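*Asks:* Mind having a look at this structure? Questions to follow.
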Amino acid sequence: MSSSNAPDIVSHNVYFDGKVQSLGIATEKGRATVGVMKKGTYVFNTSSPEVMEVITGTMSTKLSGGEWLHHKKGDSFEVAGNSSFEVVCETEVAYICYYH
């Protein structure tokens, strides 16, 4: 993973050999990342609570101890802090993730 955290600089995050990438931004809702995920299966770990909104594409997620849920354009879901979740992208997905 690579990133830049200097003030007023957009951070660029790269995961899973470039198959998942995001740009860090400040929004009216606070700190966020806007990103893309190629088709595939991924496991993410969180340090703080997150709300993910699907901008385009379709994906399924499984939160720790939960069941698989399907998400499409316009859907959002919450992820607890200090947890992990699984993602299966059936298509390429664009998303925005808000951190709380």
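*Asks:* Looking at the stretch 12-30 only, could you name the residues that are modelled with pLDDT of 95 or more, surrounded by 10 or more Cβ atoms within 10 Å (Cβ to Cβ) and outside any loop (DSSP other than H, G, I, E, B)?
*Replies:* Correct list: 12, 13, 14, 15, 16, 20, 21, 22, 23, 24.
*Asks:* Here is a follow-up. Looking at this structure, is residue 33 surrounded by 12 or more Cβ atoms within 10 Å (Cβ to Cβ), part of a loop (DSSP other than H, G, I, E, B) and either under 11 Å from the mean Cα position of the chain (by Cα) or of a type outside the set (D, E, K, R) (or both)? It would help to see each step written out before you state the result.
*Replies:* Numbers: surrounded by 12 or more Cβ atoms within 10 Å (Cβ to Cβ): yes; part of a loop (DSSP other than H, G, I, E, B): no; either under 11 Å from the mean Cα position of the chain (by Cα) or of a type outside the set (D, E, K, R) (or both): yes.
No: the conditions fail for residue 33.
*Asks:* Have a look at 19, 29, 62 and point out the one that is over 19 Å from residue 81 (Cβ atoms) and among the basic types (Lys, Arg).
*Replies:* Result: 19 is the single residue among 19, 29, 62 that is over 19 Å from residue 81 (Cβ atoms) and among the basic types (Lys, Arg).
*Asks:* Please name all residue pairs, on different chains or six or more residues apart, with Cβ atoms under 8 Å, provided the first residue is in the stretch 74-96 and is among the β-branched types (Val, Ile, Thr) and the second residue is part of a loop (DSSP other than H, G, I, E, B).
*Replies:* 79/46; 79/49; 91/39; 91/57; 93/57
The values are calculated or read from the model by the stated rules, or taken from the named source; none is laboratory data. Since we're looking at a predicted model, the values are computed, not measured. No Cβ is skipped: glycine too gets one built from the backbone with ideal geometry, and neighbour counts run over all protein chains shown.
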